[in-house]
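A short reminder: the numbers here are calculations on the coordinates, not readings from a lab. For clarity, every value in this text was computed on a predicted model and none was experimentally measured. Virtual Cβ from ideal backbone geometry, glycine too; neighbours counted across all protein chains shown.
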There are 2 protein chains.
Amino acid sequence: MNKDIERKLVAILEILNNYTEPVGANTISKKLVEKGIELSERAVRYHLKIMDERGLTKVAGKKGRIITEKGREEIKKALVADKLGFIISKILNLAYQVNLDKDGKGNVILNLSIINKKDLKKSLQIIKEILKKGYGISEKIIIFDKEEEEIAPGIIVPEKKVIVGTVCSVTIHGILLKRGIPLDAKFGGVLEVKNHEPVRFLEAINYNGSTLDPLEVFIKSRMTSILSVVKNGEGKVLATFRELPNMARDDTEKVIEEIRDLGIKAKIYLGKPNQELFGIPVTQGSTGLVIIGGLNPLAGVIESNIEAENEAMSILYKYEDLVPIKDVIN
Amino acid sequence: MNKDIERKLVAILEILNNYTEPVGANTISKKLVEKGIELSERAVRYHLKIMDERGLTKVAGKKGRIITEKGREEIKKALVADKLGFIISKILNLAYQVNLDKDGKGNVILNLSIINKKDLKKSLQIIKEILKKGYGISEKIIIFDKEEEEIAPGIIVPEKKVIVGTVCSVTIHGILLKRGIPLDAKFGGVLEVKNHEPVRFLEAINYNGSTLDPLEVFIKSRMTSILSVVKNGEGKVLATFRELPNMARDDTEKVIEEIRDLGIKAKIYLGKPNQELFGIPVTQGSTGLVIIGGLNPLAGVIESNIEAENEAMSILYKYEDLVPIKDVIN
């Protein structure tokens, strides 16, 4: 199929996917404009008919269309050409929506992990130990344990499972952005730790060269040894690499200090202007910024041979609604 | 440590790693020049002393130094900054050394897979089925089943294991290169197959944005369903994406025809000039070339829950010394 049409169809599906009730061609046409696609109501109706035939959408009452399961699948598989670099745009779009204020109120980004209910207690124990050492973003987490509950559009707690939400490192990107500090997100990688200190990056996958979140990939490929890092100070942890303008270095340092009061205990390393950080050279005029991966606690769960399905950068959630992990398990 | 010195040390280690016997400072100094590093014999000796102290090398008789196990580890962990883009340079260096001629003689590149001896028969059955359908490069393979045998420098058949060598898709890159066709290796990805035909790429990791081989990553992350593709013509397979100049398109087609006589049954898809191929747009003036991943048969082994450790693009090996898989298992 023509790529241009394909892109329009995917855009329509994405709009429908944001609604639980049926949506009409008029609304879709308006929403498309927000996505930079100009399509008349009539043209939208034409496309919807094609999508009905392909089983991607269906008529629901007089009011409009809803997306089908097949339609949802289609979104996921949308043109890879558009998805290459997808992870970087996901980071930027989410970071932009973070609005955590100095009082600890506002939206942060959560990683979501689906765990078997029976493994919850053991998993939390592991997560707690790792967070305590700063190998995660915040000691505040959330547990969704009501089966069948829809915690966000399309995200439902499966039977006999719980969903654990932990703060994602992109949250810090978002906080810095809100203070006017521009960040260039470079890559997610595996960082070697010796004597409790990071030494150098061992592996890296660029955000703009991958359709997959690098940290999810490293966890699935079993390339971490966070348990050993927490226990002996030696091993491999997940971390992300960013660059910021040298002029913004002092402000960045200040912001990082401030967020400590909000229970954000994450290990964060700010390089020196123009100097390499953990073996990674920076662009002239820039300073390196390494933030420990928010998924490290879940890497520890996987290392313990507990099944967990992790999705990085999953949803926005109010930070004030999270609870300190020490209040959940002792 | 100073990055420049670090790089020199790693270069010296790499030289020592290519020898089984002890090597003197004189030889090392000469070999360094080939790597673009100017270092006097005396300077080399100075560095060797440092490396002895760090346990990376050791004196072996009067003749020189050998590399230690720790030294080998060091090479693996060498500066990620140098490794970013490492996979792409590995591809180019290996492709350059392919010299398979029209009579089926000469070096090809092998992927090596370590499998438990007890799983060999079942694994070969799976590999055979997948190769028969063209979801691998060649139906010729090799089995190293002599325990403790060193099949290439540093690669030893472990106890109770066998190593299976299958032809790597970079071999085809090399064959085309020998005919003067320049290829730009873009990415390794997951390709969706429907009704026995590829439809579009679902995931991709750029070769120049990763320290890891993308296809190894996709296998470890269990993102393939090659068994289903072979059985029902529907599923996900590993494939690589390259570009070539439109002017070289006809010659490329001819070469692909020719190598069919050598038992190279790989599915290869040549796009149309300037046109996208399986959802991936090409640079203006170029044609897309998709070669099925040489590791698909091993992805099938992993999908069958048989343990296998795969290393893509592992060694160069004489094609005439491989044997048709049908002669190994029926």
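Evaluate the Debye formula for the range B:149-278 with equal point scatterers sitting on the alpha carbons, no solvent, and hand back log10 of I(q)/I(0) at q = 0.09, 0.22 Å⁻¹, in q order, two decimals. Each listed q maps to, in turn, -0.33, -1.43.
Summing Lys and Arg as +1 and Asp and Glu as -1 over all other residues whose Cβ lies under 11 Å from the Cβ of B:GLY136 gives a net charge of +4. Put a dot 7 Å past the Cα of B:ILE50, heading toward its Cβ, do the same for B:VAL33, and the two dots end up 2.3 nm apart.
Note on the range A:85-330: Cα convex hull, mean projected area over all directions, 12.1 nm². Structural descriptor for chain B: relative contact order 22 percent, calculated from alpha carbon pairs under 8 angstrom and at least 6 residues apart. Could you state the angle between the C-alpha long axis of helix B:120-132 and the longest principal axis of the C-alpha atoms of chain B, as a value from 0 to 90 degrees rounded to the nearest 10? On a 0 to 90 degree scale, this one is about 60. In the range A:183-285, which trypsin sites (Lys or Arg not before Pro) fall in coil by DSSP and have 13 or fewer other Cβ atoms within 10 Å? Here the trypsin sites (Lys or Arg not before Pro) that fit, given the DSSP loop and packing criteria, are A:ARG222. Residues whose amide H falls under 5 Å from that of A:SER314, counting only those 5 or more places apart or on a different chain, are A:LEU110, A:ASN111, A:LEU112, with hydrogens built in the peptide plane.
Calculate the dipole size of the range A:101-202 relative to its Cα centre from +1 charges on Lys and Arg beta carbons and -1 charges on Asp and Glu beta carbons; express the result in debye to the nearest 20. Dipole about the Cα centre, nearest 20: 360 debye. Here the range B:3-83 is treated with +1 on each Lys and Arg Cβ and -1 on each Asp and Glu Cβ, and its dipole about the Cα centre works out to around 120 debye. Sort the range B:82-140 into rounded, prolate or oblate with this rule: let a ≥ b ≥ c be the square roots of the eigenvalues of the Cα gyration tensor; rounded if a/c is under 1.5, and if a/c is not under 1.5, prolate when a/b is larger than b/c, oblate otherwise. Because a/c hits 1.5 or more and a/b fails to exceed b/c, the range B:82-140 counts as oblate.
Annotation: average projected area of the protein assembly as shown is 32.4 square nanometres, based on the convex hull of Cα atoms across all directions. Rounding to the nearest 10 and keeping the result within 0 to 90°, find how far the Cα-based axis of helix A:41-53 lies from the longest principal axis of chain A. Compared with the principal axis, the helix lies near 80 degrees.
Computed from Cα atoms, the angle from the helix A:25-34 axis to the main principal axis of chain A rounds to 40 degrees.
About its Cα centre, the dipole of chain B is roughly 400 debye, where the only charges are +1 on Lys and Arg Cβ and -1 on Asp and Glu Cβ. Both radii are taken from the alpha-carbon atoms of the range A:1-58; with Rh as the Kirkwood radius, Rg/Rh is 0.92. Normalising the Debye intensity of the range A:72-195 to I(0), with uniform scatterers on Cα atoms only, and taking log10 at q = 0.18, 0.19, 0.22 Å⁻¹ returns -1.24, -1.29, -1.33. The convex hull drawn around the Cα atoms of the range B:1-130, when projected onto a plane and averaged over every direction, covers 11.9 nm².
If you run the Gaussian network model on chain A, springs between alpha carbon atoms under 10 Å, then out of A:TYR19, A:TYR317, A:TYR96 the most flexible one is A:TYR19.
Of the residues B:GLY55, B:GLY285, B:GLY174, which exhibits the maximal mean-square fluctuation in a Gaussian network model of chain B defined by a 10 Å Cα contact cut-off? With Cα springs under 10 Å in chain B, the top fluctuation among B:GLY55, B:GLY285, B:GLY174 is at B:GLY55. The simple Förster model, with R0 at 41 Å and r as the Cβ-Cβ distance, assigns B:ARG72 and B:ASP250 a FRET efficiency of 0.35. Each part reduced to its alpha carbon centroid, the range A:142-200 and the range B:177-220 end up 28 Å apart. Ranking B:ASN93, B:LEU32, B:PRO158 by how far each Cα lies toward the positive end of the dipole of chain B (charges on Cβ) leaves B:LEU32 at the top.
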